[in-house]
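Here is the structure we will look at.
All of the numbers you see were taken from the coordinates with simple rules; none came from a lab. Worth saying up front: this structure is predicted, and the values here are computed from it rather than measured. Glycine also receives a Cβ, built like all others from the backbone with ideal geometry; neighbour counts cover every protein chain displayed.
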Amino acid sequence: MNTSIQLNSKLPNAEVSIFTKMSGLANSENAINLSQGFPNFPVSSQLVDLVVNAYKNGYNQYAPMAGIFELREAIVKKVQTLYGCNYNVDNEITITAGATQAVYTAIAASVIKDDEVIIFSPAYDCYSPAVVLNGGKVVEIELIAPQFKVDWQKVKEKITAKTKMIILNTPHNPTGTVLNMEDMLSLQEIVKDTEILILSDEVYEHIIFDGIAHQSVSKYPSLAARSFVIASFGKTFHATGWKMGYCLAPKNLMSEFRKTHQFNVFSVNHPVQLALATYLKNPKNYLDLPAFYQQKRDFFLAAIKDSKFSIQPAKGTYFQLLGYENISEENDVDFAVRLTKEFKIASIPISVFYQNKTDNKVLRFCFAKNEETMVQAAAILNKIGS
């Protein structure tokens, strides 16, 4: 069908997602796909059975707009136990259609024309478009490579009277780094006596290694009081296709969040909510995750230890950055494409997560895979540049 109608694009520079591009290329080239972040091992059979039982028992109509009480209660109890923050079950938590929807909703509920939003790059690709679509201005601060640390002095310098929000992500996608207590205290000092909001993307909160404690903003009362905290069941329970997440925030912020949520989603999958409410009753189902994924990280890194790539072990997430500065001078997009076509292994170039396409000669690889896949991938990676 042809049309002469022309839209005045709100995102004129937006391209097809790098995840779509690289996964599509992996499929067409029959390459091992370590690009897009999804596990290739099964979801818990117990959790699947709980979902099926909920379907069979007739829970197939709309759930309450905020999410079923049982699931909200289970999450609030988990957060109180882990981080010592007491959210109100009735008016300080909303179940969402994944974390990306929660991120967009928090931004849409908060950001108006000309508001400035500080984002740390390389930044996950859903943040900036949401700010722009809602009339805001992205203020990018690059993390300091190769450790990808926050320069808090630069944050102070970037804050203006128009700063509405700072977006955090820890554990951090795509770099696999984590914020520590000193980082959180620095942030706390910077935003005190301001009206600046925090959006804290904590979808990998349970995928963190080497005995490091996750620093949720919920652990810091003065930060929690100004924050939207976002998490994901898809990441936690290996079910990214279920698109299930949640947002926690103080009552006044959550009230605005729900005003937007009810008109763009209203409510999310009822049977899955029921299943998750039951599954969360056993804390081992999330507390065992750090050891589970650290074993995968360590297996993958041991398998590629003799490769030509430079390695700084990921501290969290299920992504590992590999530096190729000793292998090629190509830009990271071209190198990632060549690896997919020539060596049959797909990754994600990191420059795409910067506004100015900063190229640090690193690629992101997903190790949320079974051992057979990682062995095959390692055999390829060990050949590159040798």
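Which links in Lys243/Lys341; Lys305/Lys383; Lys219/Lys296; Lys243/Lys344; Lys10/Lys149 stretch past 21 Å when you go from one Cα to the other?
Values: Lys243/Lys341 31 Å; Lys305/Lys383 12 Å; Lys219/Lys296 28 Å; Lys243/Lys344 29 Å; Lys10/Lys149 32 Å.
Lys243/Lys341; Lys219/Lys296; Lys243/Lys344; Lys10/Lys149, as the Cα separations exceed 21 Å there.
So for region 45-285: antiparallel DSSP bridges make up what percent, rounded to the nearest 5? Bridges in region 45-285 are about 30 percent antiparallel. Roughly how many whole Å is it from the C-alpha centroid of region 12-38 to that of region 246-265? Taking the Cα centre of region 246-265 as reference, the centre of region 12-38 is 32 Å away.
What relative contact order, as a whole-number percentage, does the chain give when Cα pairs under 8 Å and 6 or more residues apart are counted? Please report the intermediate quantities before stating the final value.
On the way: 724 pairs, mean separation 94.5, N = 386.
Normalised by residue count, the contact order of the chain is 24 percent.
Of the peptides 317-324, 351-358, how do they stack up when ordered by the mean number of other Cβ atoms within 10 Å, highest first? The partial results should precede the final answer.
Details: 317-324: 23.8, 351-358: 16.1.
Answer by packing, highest mean first, reads 317-324, 351-358.
Beta carbons within 10 angstrom, averaged per residue: use that to sort the peptides 40-48, 215-223, 75-83, highest first. Spell out each step's value before the answer.
Details: 40-48: 13.4, 215-223: 20.6, 75-83: 17.7.
Result, highest mean Cβ count within 10 Å first: 215-223, 75-83, 40-48.
What you get for the chain, charging only the Cβ of Lys and Arg (+1) and of Asp and Glu (-1), is a dipole of about 560 debye around the Cα centre. Summed over qualifying helices (DSSP H, 4 residues or more, each -39500 (n - 2.57)) and divided by its residue number, the chain shows a 222 nm mean residue ellipticity of -11000 deg cm²/dmol.
Screening the chain for whole DSSP H helices of 18 Å or more along their axis (Cα) with average Kyte-Doolittle hydropathy at least -0.5 returns 69-83, 289-303.
Given charges of +1 on the Cβ of Lys and Arg and -1 on the Cβ of Asp and Glu, with all other atoms neutral, how large is the dipole of region 238-386 about its Cα centre, in debye to the nearest 20?
Values: 19 positive and 13 negative charges, 116 e Å.
The calculation lands at about 560 debye.
Can you grab the distance from the C-alpha centre of region 182-231 to the C-alpha centre of region 283-351, Å, no decimals? Going from one Cα centre to the other spans 26 Å.
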